[in-house]
Amino acid sequence: MNINIKNKKLNNWIKEVEDMCRPDDVYVCNGSTEEYNLMMGKLLASGSAIPLKKRPNSYLFRSDPSDVARIEDRTYLSTISKDEAGPTNNWIDPVQLKETMKRLYRGCMRGRTMYVIPFSMGPIGSPISKIGVEITDSPYVVCNMHIMTRVGSRVLDLLSNDGDFIPCLHSVGAPLPKGKKDVQWPCAPIEKKYIRLFPEENLIWSFGSGYGGNALLGKKCLALRIASAIARREGWMAEHMLILRFISPEGKQYHIAAAFPSACGKTNLAMMRPSLKGWKCECIGDDIAWMKIGADGRLHAINPENGFFGVAPGTSYSTNPMAMDTLKENVIFTNCALTDDGDVWWEGMTEEEPSHTIDWKGNDWTPQSKRGAAHPNARFTAPASQCPVICSDWENPAGVPIDIFIFGGRRGSAVPLVYEAFSWDHGVFLGATAASETTSANIGAVGNLRRDPFAMKPFCGYNMGDCFQHWFDMGDRLGNKAPRIFYVNWFRKSEDGKFLWPGFSDNSRVLKWMCDRVDGKVDAQKSPIGFLPKEGDLHLEGVNMSPEDMKELMKVNPEEWRAEIPGIEQHFALFGNRLPERLKKQLKDFISRLG
Ligand code: OXD
Ligand code: MN
């Protein structure tokens with residue numbers, strides 16, 4: 001081992017994992033640039049990393065075709081009783097699964113180095129931050145963790161002799177026999193991939209996958225699944241939300257946190273360039289918000305991450321120019337296509353497609369090919385500090401006070417562009433019943449409608465029924481200082497299947513209406529689903545839309561909403577006696593408003 005570690009718990013754990021996984025050697029990470037370069041050097045030498053001529057210090061990786069997204073089907077919450085995991089999480093008897101996984105871990109790092117990554121979610125040393133240590137056998141994971149979290153010796157200093165941390169164990173599950181050349185993307189077959197969370201023990205085990213949230217354990221596993229369980233116990237919130245600062249022409253600041261399911265535009269909204277004259281948007285985070293009630297009684301949010309792990313396809317200078325500028329250098333790209341002049345490319349990046357690329361599987365691709373050049377869940381890993389509109393307060397440990405919560409998702413029909421909840425309780429009902437068409441961020445069918453409460457279905461580290469109650473409890477504590485709650489749908493389609501709303505920079509118009517509501521500047525129109533903007537209150541000058549399309553976009557059709565009720569009832573029935581009475585009342589009121 002290259003560093004002498006003082007922390008007893010960490011030393012014991014390293015020894016235990018080393019004995020079980022049998023790596024060739026152990027390396028403790030210090031988070032330095034030299035270390036990043038050393039790891040990338042290994043990845044270049046093994047042929048895993050492809051340097052990009054067009055982007056300094058940037059590399060392309062191609063994953064194994066079986067390892068391209070999160071694997072919700074193979075993610076288990078290991079609580080002692082099944083009831084604690086609840087109906088929206090997978091659960092297997094923890095004793096049985098522990099045995100299975102220990103068998104898999106035995107000797108799994110043979111031929112590889114075991115890396116010990118001390119990291120902080122949130123600024124190092126801040127009272128709201130959490131320390132984790134990831135053990136992995138993947139140098140690709142080390143490099144990504146360098147960008148996505150704060151890695152380094154300072155974390156070890158903070159841990160000192162007896163500080164506590166969240167152990168995160170990861171292996172790609174592919175021991176390397178002596179003398180055998182490594183493959184480009186080592187991983188285990190799908191039936192051996194497991195993500196396992198122990199929220200009662202603050203412990204994470206991941207085996208067999210090297211991709212994104214399955215392997216970068218600070219993100220979905222620690223900052224959402226484990227943190228959400230801790231947050232409930234301690235009375236705060238860990239949510240799958242972007243955070244942005246929206247600034248009026250007069251300089252008034254509004255802080256907005258928005259929960260959309262994976263690959264539904266959180267990164268695009270977080271870095272938006274408003275089309276509304278004089279308004280500005282600054283990014284604080286694009287995926288995760290940790291929120292605590294401050295001394296002023298308001299809810300304050302921090303972004304615990306240090307980088308963006310964003311979906312590449314669809315990102316362009318017209319949809320998200322700030323993301324494109326973030327990606328100019330120091331970026332890891334995964335499963336994008338490679339152009340002939342040594343750049344990355346993905347669907348939607350340029351108006352004109354390149355005449356030839358090497359696709360994400362390493363094969364020749366031309367526009368005539370009947371398959372995508374990039375994988376739909378191709379990703380970029382980029383430092384948040386490189387975003388041209390990163391907020392000056394993005395690392396402020398005090399966080400920013402949230403004025404507005406937004407829920408939303410992909411809905412081709414029924415759901416209008418925007419509406420506001422009547423009250424906190426009604427807002428919780430909107431969050432609890434949020435539904436969205438599934439995307440390729442998870443392995444599985446795409447385009448199926450599913451209920452995804454608070455965009456946390458894959459990430460809630462405890463029984464979702466208790467999560468509903470936690471939202472009510474937080475609202476009770478916040479009282480009249482609670483954020484106002486809105487619901488949006490950027491994805492409604494016309495009868496001929498075209499998106500009705502231009503989205504992206506024009507979403508600023510929707511945010512402005514929300515701010516006007518918060519300031520009491522505009523009235524709203526009551527509908528069975530919530531408050532709708534009154535005609536003229538959404539500033540639409542310059543939007544290229546016919547009045548008929550606008551009408552269609554804002555339409556609330558009671559028949560379509562009545563058709564939602566059986567689905568909501570079925571969804572609520574899952575939670576049995578954990579379903580709060582206050583949600584039952586909201587459903588009853590909703591049904592009676594629909595008539
Ligand atoms: C993500 C996801 O990577 O939600 O953020 O899948
Ligand atoms: Mn996410």
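Separation of region 273-311 and region 453-527 by C-alpha centroid, Å?
Answer, in whole Å: 15.
Straight-line reach from K15: which lysines fall under 19 Å, measuring Cα to Cα and dropping same-chain residues less than 8 apart?
Within the straight-line limit of under 19 Å, K15 reaches these lysines: K6, K98, K102.
Under a point-charge model restricted to the Cβ atoms of Lys and Arg (+1) and Asp and Glu (-1), what is the dipole moment magnitude of the chain relative to its Cα centre, in debye to the nearest 20?
Working: 72 positive and 71 negative charges, 192 e Å.
Result for the chain is approximately 920 debye, rounded to the nearest 20.
Normalised by the residues of region 307-386, what does the relative contact order come to in percent, with Cα pairs under 8 Å and at least six apart?
45 percent.
Give me a comma-separated list of calculated 3J(HN,Hα) values for region 226-236, in order, Karplus coefficients 6.51, -1.76, 1.60 applied at θ = phi - 60°, integers in Hz, x for any Gly or Pro.
5, 5, 5, 5, 5, 4, 5, 4, 9, x, 9
Would you work out which of G408, L583, G479 lies farthest towards the positive end of the dipole of the chain? Charges go on Cβ: Lys and Arg +1, Asp and Glu -1.
The residue sitting farthest along the positive end of the dipole is L583.
Over all alpha-carbon pairs of the chain, lay out the pair-distance distribution in 20 Å bins, whole %, shortest bin first.
21, 55, 23, 1
Be a star and scan region 580-595 for residues whose amide nitrogen sits under 13 Å from the point 7 Å along the Cα-to-Cβ vector of F472.
Inside the label zone: 580-588.
In degrees from 0 to 90, rounded to the nearest 10, what is the angle of the helix 139-148 Cα long axis to the longest principal axis of the chain?
Tilt relative to the chain: about 40 degrees.
When the expected Rg is taken as 2.2 N^0.38 Å, what fraction or multiple of it is the alpha-carbon Rg of region 209-282?
With N residues counted in region 209-282, Rg over 2.2 N^0.38 Å equals 1.39.
Grab the DSSP H runs of the chain that are 4 residues or longer, score each as -39,500 (n - 2.57), total them, divide by all residues and round the 222 nm result to the nearest 500 deg cm²/dmol.
On the way: 17 runs with 155 residues, N = 595.
Taking each H run of at least 4 residues, the total per residue is -7500 deg cm²/dmol.
Against the longest alpha carbon principal axis of the chain, how many degrees, from 0 to 90 and to the nearest 10, is the axis of helix 464-478 turned?
60 degrees
I'd like to know which of P321, F309, S369 lies farthest towards the positive end of the charge dipole of region 307-386, counting +1 on Cβ of Lys and Arg and -1 on Cβ of Asp and Glu.
F309
So between K361 and N161, what do we pick up on full extension, going 0.36 nm a residue minus the alpha carbon distance?
Answer, rounded to one decimal: 67.4 nm.
Hey, what's region 307-386 come to in accessible area per residue, 1.4 Å probe, Å²?
39 Å²
How far is helix 33-45 tilted off the main Cα axis of the chain, in degrees rounded to 10, range 0 to 90?
The angle comes out near 70 degrees.
Report the Stokes-Einstein translational diffusion coefficient (µm² s⁻¹, integer) for region 130-216, Rh taken as the Kirkwood radius over Cα pairs, at 10 °C with viscosity 1.306 mPa s.
Numbers: Rh = 14.2 Å.
My calculation gives 112 µm²/s for D.
How high is the relative contact order of the chain, in percent, with contacts defined as C-alpha pairs under 8 Å that are six or more residues apart?
Numbers: 1318 pairs, mean separation 86.9, N = 595.
Answer for the chain is 15 percent.
Carbon and sulfur: what percent of the chain's accessible surface (1.4 Å probe)?
Result for the chain: 49 percent of the exposed heavy-atom area is carbon or sulfur.
What's the ranking of 199-206, 53-60 by average number of surrounding C-beta atoms within 10 Å, highest first?
My ranking of the peptides, most packed first, is 199-206, 53-60.
The values are calculated or read from the model by the stated rules, or taken from the named source; none is laboratory data. All values reported here derive from a predicted model rather than from experimental measurement. Cβ: placed from backbone, ideal geometry, glycine included. Neighbour counts: every protein chain shown. Note: accessible area is taken over every heavy atom of the protein model, side chains too, but ligands, DNA and RNA are not part of it. Shrake-Rupley method; radii C 1.70, N 1.55, O 1.52, S 1.80 Å.
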